[in-house]
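First up is the structure itself, then whatever we jot down about it.
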Amino acid sequence: MSQSPLSSFSSAPAGRDPGPWRVLLADDHAILREGVALLVEQQHDMHVVAQARGGREAVQMAEEHRPDVVVLDVAMPDLAGPEVAEQIRAGSPRSRVLALTRHADQGYLRRMLRAGAAGYVVKRAAADALVTAIRTVAEGGTYVDPSLAGALVARSVSRHEAVGAVPRTRPPLSEREEQVLRLIAWGKSNKEVAAQLGISVKTAEFYKAAALEKLQIRTRTDILRHALAERWLVEDEGPD
(Lines give C-alpha, C1' and ligand atoms only; values in the text may rest on other atoms or scores of the structure.)
Protein backbone atom coordinates (compact mmCIF):
# COMPACT_ATOMS: atom_id res chain seq x y z
CA MET A 1 0.00 0.00 0.00
CA SER A 2 1.30 3.48 -0.80
CA GLN A 3 2.11 5.86 2.03
CA SER A 4 0.22 9.05 2.64
CA PRO A 5 1.34 12.37 1.09
CA LEU A 6 2.59 13.44 4.50
CA SER A 7 4.47 10.25 5.35
CA SER A 8 8.23 9.88 5.78
CA PHE A 9 9.29 13.50 6.16
CA SER A 10 12.52 11.98 7.45
CA SER A 11 13.94 8.50 7.60
CA ALA A 12 16.54 6.41 9.36
CA PRO A 13 20.14 6.79 8.20
CA ALA A 14 21.07 4.65 5.20
CA GLY A 15 22.21 1.18 6.14
CA ARG A 16 20.86 1.37 9.67
CA ASP A 17 19.15 -1.75 11.02
CA PRO A 18 16.32 -0.26 13.10
CA GLY A 19 14.78 -3.41 14.51
CA PRO A 20 13.26 -4.55 16.51
CA TRP A 21 11.25 -1.39 17.12
CA ARG A 22 9.76 -1.39 20.62
CA VAL A 23 6.01 -0.68 20.57
CA LEU A 24 3.64 0.25 23.39
CA LEU A 25 -0.08 -0.22 22.73
CA ALA A 26 -2.68 1.90 24.52
CA ASP A 27 -6.38 1.21 23.98
CA ASP A 28 -9.24 0.58 26.41
CA HIS A 29 -10.77 -2.04 24.09
CA ALA A 30 -9.02 -5.31 24.94
CA ILE A 31 -10.04 -7.20 21.80
CA LEU A 32 -8.74 -4.49 19.48
CA ARG A 33 -5.58 -4.08 21.53
CA GLU A 34 -4.84 -7.80 21.39
CA GLY A 35 -5.49 -7.83 17.64
CA VAL A 36 -2.99 -5.04 17.08
CA ALA A 37 -0.51 -6.80 19.36
CA LEU A 38 -0.78 -9.96 17.27
CA LEU A 39 -0.25 -7.94 14.08
CA VAL A 40 2.84 -6.23 15.50
CA GLU A 41 4.37 -9.46 16.77
CA GLN A 42 4.04 -10.97 13.29
CA GLN A 43 6.49 -8.37 11.95
CA HIS A 44 10.20 -9.20 11.91
CA ASP A 45 11.29 -5.71 12.92
CA MET A 46 8.99 -4.79 15.83
CA HIS A 47 7.57 -6.20 19.02
CA VAL A 48 5.17 -5.15 21.79
CA VAL A 49 6.87 -4.21 25.06
CA ALA A 50 3.69 -3.37 27.01
CA GLN A 51 -0.04 -2.78 26.74
CA ALA A 52 -1.98 -0.03 28.52
CA ARG A 53 -5.72 0.06 29.16
CA GLY A 54 -5.97 3.81 29.60
CA GLY A 55 -4.25 7.13 29.13
CA ARG A 56 -2.65 7.50 32.53
CA GLU A 57 -1.37 3.93 32.38
CA ALA A 58 0.06 4.67 28.92
CA VAL A 59 2.01 7.65 30.27
CA GLN A 60 3.35 5.55 33.15
CA MET A 61 4.33 2.65 30.89
CA ALA A 62 5.99 4.96 28.37
CA GLU A 63 8.21 6.35 31.12
CA GLU A 64 8.96 2.83 32.36
CA HIS A 65 9.62 1.06 29.03
CA ARG A 66 10.80 3.97 26.81
CA PRO A 67 9.24 2.50 23.64
CA ASP A 68 10.14 3.72 20.17
CA VAL A 69 6.47 4.07 19.23
CA VAL A 70 3.29 4.43 21.29
CA VAL A 71 0.21 3.36 19.34
CA LEU A 72 -2.41 5.43 21.13
CA ASP A 73 -6.21 5.42 21.01
CA VAL A 74 -7.41 9.03 20.79
CA ALA A 75 -10.54 8.57 22.93
CA MET A 76 -10.03 6.81 26.25
CA PRO A 77 -12.17 7.30 29.35
CA ASP A 78 -9.56 8.52 31.82
CA LEU A 79 -7.43 10.96 29.78
CA ALA A 80 -7.88 12.48 26.32
CA GLY A 81 -5.48 11.54 23.53
CA PRO A 82 -3.86 14.99 23.12
CA GLU A 83 -3.13 15.18 26.85
CA VAL A 84 -1.67 11.67 26.81
CA ALA A 85 0.52 12.55 23.83
CA GLU A 86 1.83 15.69 25.54
CA GLN A 87 2.59 13.84 28.78
CA ILE A 88 4.38 11.07 26.92
CA ARG A 89 6.49 13.69 25.14
CA ALA A 90 7.38 15.15 28.53
CA GLY A 91 8.13 11.87 30.31
CA SER A 92 9.65 9.89 27.44
CA PRO A 93 10.86 12.40 24.83
CA ARG A 94 12.32 9.77 22.50
CA SER A 95 9.02 7.90 22.22
CA ARG A 96 6.94 8.85 19.17
CA VAL A 97 3.15 8.78 19.30
CA LEU A 98 1.00 7.24 16.58
CA ALA A 99 -2.72 7.91 17.02
CA LEU A 100 -5.01 4.99 16.15
CA THR A 101 -8.64 6.06 16.18
CA ARG A 102 -12.11 5.56 14.76
CA HIS A 103 -12.40 9.33 14.25
CA ALA A 104 -11.81 10.17 10.58
CA ASP A 105 -12.08 13.82 11.50
CA GLN A 106 -9.84 16.78 10.66
CA GLY A 107 -10.43 18.34 14.08
CA TYR A 108 -9.14 15.28 15.94
CA LEU A 109 -6.22 15.02 13.53
CA ARG A 110 -5.15 18.64 14.04
CA ARG A 111 -5.45 18.38 17.84
CA MET A 112 -3.27 15.28 17.91
CA LEU A 113 -0.64 16.79 15.61
CA ARG A 114 -0.57 19.95 17.75
CA ALA A 115 -0.06 17.74 20.81
CA GLY A 116 3.02 16.23 19.20
CA ALA A 117 1.73 13.03 17.59
CA ALA A 118 3.89 11.89 14.68
CA GLY A 119 1.14 9.90 12.97
CA TYR A 120 -2.60 9.37 12.68
CA VAL A 121 -4.29 6.19 11.43
CA VAL A 122 -8.02 5.47 11.24
CA LYS A 123 -9.00 2.09 12.70
CA ARG A 124 -10.87 1.08 9.58
CA ALA A 125 -7.59 1.22 7.61
CA ALA A 126 -6.04 -2.00 6.34
CA ALA A 127 -3.61 -3.83 8.59
CA ASP A 128 -0.65 -3.17 6.30
CA ALA A 129 -1.35 0.59 6.54
CA LEU A 130 -0.93 0.42 10.33
CA VAL A 131 2.32 -1.53 9.97
CA THR A 132 3.59 1.04 7.45
CA ALA A 133 2.61 3.86 9.82
CA ILE A 134 4.47 2.29 12.74
CA ARG A 135 7.63 1.86 10.68
CA THR A 136 7.41 5.38 9.25
CA VAL A 137 6.97 6.97 12.68
CA ALA A 138 9.68 4.79 14.26
CA GLU A 139 12.15 5.89 11.57
CA GLY A 140 11.51 9.55 12.33
CA GLY A 141 8.89 10.29 9.69
CA THR A 142 5.30 11.49 9.86
CA TYR A 143 2.32 9.44 8.69
CA VAL A 144 -1.21 10.70 8.14
CA ASP A 145 -4.00 8.38 7.02
CA PRO A 146 -4.49 8.86 3.26
CA SER A 147 -8.22 9.47 3.80
CA LEU A 148 -7.33 12.63 5.74
CA ALA A 149 -3.99 13.72 4.31
CA GLY A 150 -5.35 15.21 1.09
CA ALA A 151 -7.84 17.45 2.89
CA LEU A 152 -5.18 18.52 5.40
CA VAL A 153 -2.78 19.57 2.65
CA ALA A 154 -5.55 21.35 0.72
CA ARG A 155 -6.63 23.27 3.82
CA SER A 156 -3.05 24.35 4.55
CA VAL A 157 -2.44 25.47 0.96
CA SER A 158 -5.72 27.38 0.70
CA ARG A 159 -5.09 29.16 4.00
CA HIS A 160 -1.66 30.35 2.93
CA GLU A 161 -2.88 31.37 -0.51
CA ALA A 162 -5.74 33.32 1.03
CA VAL A 163 -3.44 35.49 3.12
CA GLY A 164 -0.53 35.48 0.67
CA ALA A 165 1.68 34.01 3.35
CA VAL A 166 4.76 31.87 3.08
CA PRO A 167 4.41 28.62 5.06
CA ARG A 168 6.29 28.73 8.35
CA THR A 169 9.32 26.47 8.47
CA ARG A 170 9.53 26.22 12.25
CA PRO A 171 7.35 23.60 13.96
CA PRO A 172 4.15 24.90 15.57
CA LEU A 173 3.74 25.06 19.33
CA SER A 174 1.61 22.36 20.87
CA GLU A 175 -1.48 23.45 22.77
CA ARG A 176 0.25 22.89 26.13
CA GLU A 177 3.42 24.71 25.06
CA GLU A 178 1.35 27.72 24.06
CA GLN A 179 -0.59 27.64 27.35
CA VAL A 180 2.67 27.69 29.31
CA LEU A 181 4.11 30.60 27.31
CA ARG A 182 0.87 32.60 27.57
CA LEU A 183 0.96 32.33 31.37
CA ILE A 184 4.65 33.23 31.48
CA ALA A 185 3.92 36.26 29.32
CA TRP A 186 1.46 37.35 32.00
CA GLY A 187 4.28 37.21 34.57
CA LYS A 188 3.60 33.79 36.08
CA SER A 189 6.52 31.81 37.53
CA ASN A 190 7.14 28.20 36.53
CA LYS A 191 5.64 27.10 39.85
CA GLU A 192 2.51 29.22 39.29
CA VAL A 193 2.18 27.96 35.73
CA ALA A 194 2.37 24.37 36.96
CA ALA A 195 -0.24 24.96 39.64
CA GLN A 196 -2.68 26.66 37.26
CA LEU A 197 -2.37 23.95 34.60
CA GLY A 198 -2.37 21.06 37.06
CA ILE A 199 1.04 19.75 36.02
CA SER A 200 4.37 19.38 37.80
CA VAL A 201 6.97 22.16 37.81
CA LYS A 202 9.33 19.84 35.91
CA THR A 203 6.69 19.29 33.22
CA ALA A 204 6.01 23.03 32.96
CA GLU A 205 9.73 23.64 32.54
CA PHE A 206 9.87 20.97 29.82
CA TYR A 207 7.08 22.62 27.82
CA LYS A 208 8.70 26.02 28.27
CA ALA A 209 12.07 24.74 27.07
CA ALA A 210 10.48 22.96 24.10
CA ALA A 211 8.56 26.10 23.12
CA LEU A 212 11.63 28.34 23.40
CA GLU A 213 13.63 25.95 21.25
CA LYS A 214 10.91 25.92 18.57
CA LEU A 215 10.65 29.72 18.56
CA GLN A 216 14.43 30.15 18.86
CA ILE A 217 14.10 32.59 21.73
CA ARG A 218 15.66 32.55 25.21
CA THR A 219 14.44 35.10 27.74
CA ARG A 220 11.19 36.25 29.35
CA THR A 221 11.57 39.49 27.40
CA ASP A 222 11.64 37.44 24.22
CA ILE A 223 8.51 35.62 25.37
CA LEU A 224 6.77 38.94 26.01
CA ARG A 225 7.73 40.23 22.55
CA HIS A 226 6.35 37.03 21.01
CA ALA A 227 3.14 37.34 23.03
CA LEU A 228 2.67 40.90 21.82
CA ALA A 229 3.32 39.89 18.22
CA GLU A 230 0.79 37.06 18.50
CA ARG A 231 -1.71 39.39 20.26
CA TRP A 232 -1.98 36.97 23.18
CA LEU A 233 -2.14 39.81 25.70
CA VAL A 234 -4.98 41.38 23.73
CA GLU A 235 -6.96 38.18 23.24
CA ASP A 236 -6.50 36.93 26.81
CA GLU A 237 -8.30 38.45 29.74
CA GLY A 238 -5.36 37.62 31.93
CA PRO A 239 -4.57 34.57 34.07
CA ASP A 240 -7.29 33.17 36.31
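Could you tell me which residue of region 90-118 is nearest to the chain's Cα centre (by Cα), considering only residues that are modelled with pLDDT of 90 or more and in a helix (DSSP H, G or I)? Here the answer is ALA90. For region 27-39, the count of residues that are assigned by TED's automatic domain parsing to the domain that holds THR136, modelled with pLDDT of 85 or more, under 17 Å from the mean Cα position of the chain (by Cα) and not in a helix (DSSP H, G or I) is nonzero. Among the residues of region 44-62, the ones that are farther than 22 Å from ARG110 by Cα, crowded, with 21+ Cβ neighbours inside 10 Å and either of a type in the set (Gly, Ala, Ser) or not assigned by TED's automatic domain parsing to the domain that holds ARG110 (or both) come to 2 in all.
Results for (1) at pLDDT 80 or above; (2) surrounded by fewer than 10 Cβ atoms within 10 Å (Cβ to Cβ), shown as yes or no for each residue.
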position	(1), (2)
SER200	yes, no
ALA211	yes, no
ARG220	no, no
GLU235	no, yes
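When we screen VAL74, VAL84 for residues that are at pLDDT 90 or above and among the β-branched types (Val, Ile, Thr), the only hit is VAL84. Among residues of region 63-86 that are assigned by TED's automatic domain parsing to the domain that holds LYS123 and at positive phi, those with a beta-carbon under 9 Å from a residue that is modelled with pLDDT of 90 or more and of a type in the set (Val, Ile, Thr) at least six positions away or on a different chain give the pairs ARG66/VAL49. When the residues of region 63-89 are narrowed to those that are of a type in the set (Asp, Glu) and in a helix (DSSP H, G or I), which ends up farthest from GLU205 (Cα to Cα)? Within region 63-89, the match that is farthest from GLU205 (Cα to Cα) is GLU64. Looking for something at pLDDT 75 or above and under 27 Å from PRO93 (Cα atoms) - is there at least one such residue anywhere in region 151-160? Within region 151-160 (the criterion being at pLDDT 75 or above and under 27 Å from PRO93 (Cα atoms)), the answer is no, since none of the residues qualifies. Of all residues in region 124-144, those that are part of a loop (DSSP other than H, G, I, E, B) and either of a type in the set (Val, Ile, Thr) or without any contact (Cβ under 8 Å) to a residue 60 or more places away in the chain (or both) total 3. It is to be established whether one or more residues within region 163-179 are farther than 20 Å from ALA85 by Cα, modelled with pLDDT of 85 or more and not assigned by TED's automatic domain parsing to the domain that holds TYR120. No: region 163-179 contains no residue that is farther than 20 Å from ALA85 by Cα, modelled with pLDDT of 85 or more and not assigned by TED's automatic domain parsing to the domain that holds TYR120.
The values are calculated or read from the model by the stated rules, or taken from the named source; none is laboratory data. All of these numbers come straight from a predicted model, not from anything done at the bench. All Cβ positions, glycine included, derive from the backbone under ideal geometry; neighbour counts span all protein chains shown.
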